[in-house]
Amino acid sequence: MTAGIRAERMNRQLTEHLKPQSVTIKDDSARHAHHAPMTRGPDAGASETHFNMTIVSPAFEGMTRIARSKMVHALLAEEFATGLHALSLTLRTPEEAARG
């Protein structure tokens, strides 16, 4: 997992609520630093804005991909309100992860 402060907070929030089998969080912010929203305004050059996440959790059982994504976005609403800009999500149940 990425060791940044936002990544640590997100990991705690996700772990507490989803009781995941695994969580992988990769900070991908540096690849997006050139995007217009990241180069203007008070947060210009801000780090920890873009992440790739893979979460394996039984909490996703019976849920559509959209419902899973909405759940994760809702859990991280405060992070979005304070500078998180984008997530790339891979959300699987333990069964799905075992199948590859």
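What follows is calculated from the coordinates using simple rules that are stated; it is not laboratory data. Given the structure is predicted, the values throughout are model-derived calculations rather than measurements. Reconstructed Cβ throughout: ideal geometry from the backbone, glycine too, with neighbour counts over all protein chains shown.
Within the set of pairs 6+ apart or on separate chains, which have a first residue in the stretch 72-88 that is within 18 Å of residue 19 (Cβ to Cβ), a second that is assigned to a helix (DSSP H, G or I) and aliphatic (A, V, I, L, M), and C-beta atoms under 9 Å apart?
Listed pairs, sorted by first residue: 72/14; 72/18; 75/10; 75/14; 75/18; 76/10; 76/14.
Output the number of the condition that residue 74 fails; it satisfies all remaining conditions of (1) exposed (fewer than 11 other Cβ atoms within 10 Å of the Cβ); (2) in contact with a Pro (Cβ under 8 Å, 6 or more places away or on another chain); (3) of a type outside the set (Val, Ile, Thr).
The failed condition is (2).
Can you tell me which residues in the stretch 17-31 are buried (at least 16 other Cβ atoms within 10 Å of the Cβ) and of a type in the set (A, V, I, L, M)?
Within the stretch 17-31, 18, 23, 25 qualify.
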